[in-house]
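Notes for the one structure printed next.
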């Protein structure tokens, strides 16, 4: 959960026997090194480092000018200072820029989303004993990951908060619910599957296991924790969220992602302005999002959340994790 997860959150989960995940997609090698080392000072247990496996599409200044103009208009309307200099000269890092740092820092578990690592990178990481975890949102993607020697698959249902991990562009956007997708993927592949999407309780964990999951991945439940970087008003929105409050949108990043609908999402979607592809749109909107976060303004930043966001608790990551484990033991052991 880039922008939300912290080394403290990652370490808290790993220290209690879970697998914390450190997101580094799009970050510079220098920042990644700092984050990995900080996490390593907080835990001696395994943790994953999560990459974005996307390609950077070609674009011109002319392509992004309509969106740049719109964002400056919206910033002025909201009272934020934003000019063209804040919306150009992006440094777009890909996983190719990051792999050497992960190897140098001794990372042993690498997860990724938005695509599949190239064969050279896969073989390099496997040669040093790395475990690789890919993301699939349909059976076809799961089969692709298996064919490319990935060790585990995160099966992401449409309920999941944040970005869709979809990467096969020749098919319509997969919008399959986890409990429909999971057994189909399990029937199609022979490698372990991690269930993701809408899991926030002992009951939903049990349901995932009953449908064949070998593990579960939980995100939204940790956004409200003390270790989270989410602003207070974001956490408040999660606690009060109803089942129908989230939507899939391309407005914030150029990739389909699920979050709580707010004013900025609606403004961009209703403007009619073409949305540049990821990660260009994500970089364009970054400064405005940061200004909103500094002001505690949840209507002008991203509020990524899954469909089970309601009631997200304001506790420590350790408490959230152990409560889930204890509830599961009480009900099903």
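Of (1) touching a residue at least 40 places away in the same chain (Cβ under 8 Å); (2) on the phi > 0 side of the Ramachandran plot; (3) crowded, with 18+ Cβ neighbours inside 10 Å, residue 311 satisfies all except one. Which?
Unmet condition: (3).
Quickly run through the stretch 35-45 and pick out the residues that are surrounded by 13 or more Cβ atoms within 10 Å (Cβ to Cβ) and either in contact (Cβ under 8 Å) with a residue 60 or more places away in the chain or not in a loop (DSSP other than H, G, I, E, B) (or both). Even if it seems obvious, please write down each step before you answer.
Going residue by residue through the stretch 35-45, those that are surrounded by 13 or more Cβ atoms within 10 Å (Cβ to Cβ) are 35-36, 38-40, 42-43, 45.
Across the stretch 35-45, the qualifying residues are 35, 36, 38, 39, 40, 42.
Given (1) without any contact (Cβ under 8 Å) to a residue 12 or more places away in the chain; (2) over 24 Å from residue 265 (Cβ atoms), identify the lone condition not met by residue 216.
Evaluating residue 216 over (1) without any contact (Cβ under 8 Å) to a residue 12 or more places away in the chain; (2) over 24 Å from residue 265 (Cβ atoms) leaves (1) as the failure.
Please find, among 144, 59, the residue that is surrounded by fewer than 19 Cβ atoms within 10 Å (Cβ to Cβ) and either on the phi > 0 side of the Ramachandran plot or at pLDDT below 95 (or both).
Working: 144 fails: either on the phi > 0 side of the Ramachandran plot or at pLDDT below 95 (or both).
After applying the criteria, what remains is 59.
Does residue 74 satisfy the condition of being buried (at least 18 other Cβ atoms within 10 Å of the Cβ), touching a residue at least 60 places away in the same chain (Cβ under 8 Å) and touching a helix residue (DSSP H, G or I) at 6+ places or on another chain (Cβ under 7 Å)? Write out each step before concluding.
Details: buried (at least 18 other Cβ atoms within 10 Å of the Cβ): yes; touching a residue at least 60 places away in the same chain (Cβ under 8 Å): yes; touching a helix residue (DSSP H, G or I) at 6+ places or on another chain (Cβ under 7 Å): yes.
Considered against the rule, which asks whether it is buried (at least 18 other Cβ atoms within 10 Å of the Cβ), touching a residue at least 60 places away in the same chain (Cβ under 8 Å) and touching a helix residue (DSSP H, G or I) at 6+ places or on another chain (Cβ under 7 Å), residue 74 comes out as yes.
Do the conditions hold for residue 318, that is, is it part of a helix (DSSP H, G or I), farther than 20 Å from residue 77 by Cα and either in contact with a strand residue (DSSP E or B) (Cβ under 6 Å, 6 or more places away or on another chain) or modelled with pLDDT under 95 (or both)? Spell out how you get there, then give the answer.
Working: part of a helix (DSSP H, G or I): yes; farther than 20 Å from residue 77 by Cα: yes; either in contact with a strand residue (DSSP E or B) (Cβ under 6 Å, 6 or more places away or on another chain) or modelled with pLDDT under 95 (or both): no.
When the stated conditions are applied, residue 318 does not pass them.
Within the stretch 152-172, how many residues turn out to be modelled with pLDDT of 95 or more and assigned to a loop (DSSP other than H, G, I, E, B)?
Filtering the stretch 152-172 down to residues modelled with pLDDT of 95 or more leaves 152-168.
Still in the list and also assigned to a loop (DSSP other than H, G, I, E, B): 157-161, 164-168.
Qualifying residue count, the stretch 152-172: 10.
Tell me whether the stretch 68-89 contains one or more residues that are touching a strand residue (DSSP E or B) at 6+ places or on another chain (Cβ under 7 Å) and at pLDDT below 95.
To start, the set of residues in the stretch 68-89 that are touching a strand residue (DSSP E or B) at 6+ places or on another chain (Cβ under 7 Å) comprises none.
Checked the stretch 68-89: no residue is touching a strand residue (DSSP E or B) at 6+ places or on another chain (Cβ under 7 Å) and at pLDDT below 95.
Just checking: which of the helices (runs of 4 or more DSSP H) contained wholly in the stretch 48-131 hold 3 or more residues that are under 24 Å from residue 156 (Cα atoms) and under 25 Å from the mean Cα position of the chain (by Cα)? Full working, then the answer.
Details: elements: 61-78, 99-104, 119-127.
Per the criteria, 119-127.
Of everything in the stretch 1-17 that's crowded, with 21+ Cβ neighbours inside 10 Å and touching a helix residue (DSSP H, G or I) at 6+ places or on another chain (Cβ under 6 Å), which residue is farthest from residue 116 (Cα to Cα)?
Looking at the filtered set, the residue picked out is 12.
Restricting to the stretch 242-266, count the residues that are touching a residue at least 60 places away in the same chain (Cβ under 8 Å), touching a helix residue (DSSP H, G or I) at 6+ places or on another chain (Cβ under 9 Å) and in a strand (DSSP E or B). Steps first, answer last, please.
Filtering the stretch 242-266 for residues touching a residue at least 60 places away in the same chain (Cβ under 8 Å) gives 242-243, 245-246, 248, 253, 255-259, 264.
Next, only the ones that are touching a helix residue (DSSP H, G or I) at 6+ places or on another chain (Cβ under 9 Å) stay: 245, 253, 255, 259, 264.
Next, only the ones that are in a strand (DSSP E or B) stay: 259.
Residues meeting the conditions: 1.
Within the stretch 267-290, how many residues turn out to be part of a helix (DSSP H, G or I) and surrounded by fewer than 21 Cβ atoms within 10 Å (Cβ to Cβ)? Step through it out loud before you land on a result.
Just the residues of the stretch 267-290 that are part of a helix (DSSP H, G or I), to begin with: 267-271, 280-290.
So of that shortlist, the ones also surrounded by fewer than 21 Cβ atoms within 10 Å (Cβ to Cβ) come out as 267, 269-271, 283, 286-287, 289-290.
Residues flagged as part of a helix (DSSP H, G or I) and surrounded by fewer than 21 Cβ atoms within 10 Å (Cβ to Cβ) within the stretch 267-290 amount to 9.
Looking at residue 207, is it out of contact with any helix residue (DSSP H, G or I) (no Cβ under 7 Å at 6 or more places or on another chain) and touching a residue at least 12 places away in the same chain (Cβ under 8 Å)? Give the derivation first.
Working: out of contact with any helix residue (DSSP H, G or I) (no Cβ under 7 Å at 6 or more places or on another chain): no; touching a residue at least 12 places away in the same chain (Cβ under 8 Å): yes.
Spelling it out, it is not the case that residue 207 is out of contact with any helix residue (DSSP H, G or I) (no Cβ under 7 Å at 6 or more places or on another chain) and touching a residue at least 12 places away in the same chain (Cβ under 8 Å).
The values are calculated or read from the model by the stated rules, or taken from the named source; none is laboratory data. All values reported here derive from a predicted model rather than from experimental measurement. Positions of Cβ are generated from backbone atoms using ideal geometry, with glycine treated the same way; all protein chains shown enter the neighbour counts.
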